[in-house]
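Working notes, beginning with the structure itself.
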Amino acid sequence: MADSTHFFVHASSYIDDDVIIGEGTKIWHFCHIMSNSKIGKNCILGQNVMIADNVIIGNSVKVQNNVSIYEGVKCEDNVFIGPSAVFTNVLNPRSSVDRKAEFKETIVKTGATIGANATIVCGNNIGKFAFIGAGSLVNRDIKDFELVVGNPARHIGWMSELGERLEFNNNGIAKCKNDGNTYLLINDKVKKN
């Protein structure tokens, strides 16, 4: 285990060998961090979080209570994962069939939010600053800044980097109500201006 003087691990949690944990990270009650995983700086892992072998977590990621992040999942910086959100890593699991060679990669890109109790089916990526509503089932790639809800997750709008709903005018321009930054909607894709 890494030098624990630069991060906090609650006494009830277990950290396997060969784990890298960044400075300022806090790992709370009943967590298990498995071998060869990497957790960035200033992350918060709530109660009962499991990080599987070989998982990569970026800087300033917040993982709320009761989340398991399985092998094949990568979270970039500033990702928020709500309580009891679910990731999968095999499309057709069977107890009697070893499918570890079939793990599908899922990337949660910078600044994305995954709401409480959402399910992310493996092999589907979450775009930068995307927002997945609570309880949603993601079974397709989600675009940068896209707002989706429901089962299956359906597009209902766009969000700014600060999590504000974007309202585009006829010219495809929207302004974040929080910080005033402008965004462009071109060919059903959003980018910050």
- line: The percentage of Cα-Cα pairs in the chain separated by more than 24 Å is 41 percent
message: So if each residue of separation counts as 0.36 nm, and I subtract the Cα-Cα distance between H32 and L162, what length gain in nm does that give?
response: 43.7 nm
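May I ask for the net charge around C43, where only other residues with Cβ less than 11 Å from the Cβ of C43 are counted and Lys, Arg are +1 while Asp, Glu are -1?
Working: positive: K26, K38, K41, K62; negative: E23, D77.
Result for the local shell: +2.
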- request: List every residue whose amide H lies under 5 Å from the amide H of I114, counting only residues 5 or more places away in sequence or on a different chain, with H placed 1.01 Å from N in the peptide plane.
  value: F80, I81, G82, I132
query: What ranking of F103, F7, F129 comes out by heavy-atom accessible area, probe 1.4 Å, highest first?
result: F103, F129, F7
query: Taking 0.36 nm per residue of separation and subtracting the Cα-Cα distance, what length does fully extending R140 through I173 add?
result: 9.3 nm
- line: A chain fully extended from K62 to H155 at 0.36 nm per residue, minus the present Cα-Cα distance, gains in nm 31.1 nm
task: For a quick protection proxy, order the peptides 78-90, 23-35, 173-185 by their average other-Cβ count within 10 Å, most packed first.
output: 78-90, 23-35, 173-185
task: Classify region 17-59 as rounded, prolate or oblate, taking a ≥ b ≥ c as the square roots of the eigenvalues of its Cα gyration tensor: rounded when a/c is under 1.5, otherwise prolate if a/b is larger than b/c and oblate if not.
output: oblate
- request: Restricting things to alpha carbons, tell me how big region 65-133 is in terms of Rg and Dmax, in Å.
  value: 12.2, 38
- prompt: region 134-179 to region 40-76: how many Å between their Cα centroids?
  reply: 23 Å
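The values are calculated or read from the model by the stated rules, or taken from the named source; none is laboratory data. It should be emphasised that the depicted structure is a prediction, and the values quoted were computed from it without experimental measurement. Neighbour counts run over all protein chains shown; Cβ positions are idealised from the backbone, glycine included. Heads up: the accessible areas ignore ligands, DNA and RNA and are worked out on the full protein's heavy atoms, side chains in. Shrake-Rupley method; radii C 1.70, N 1.55, O 1.52, S 1.80 Å.
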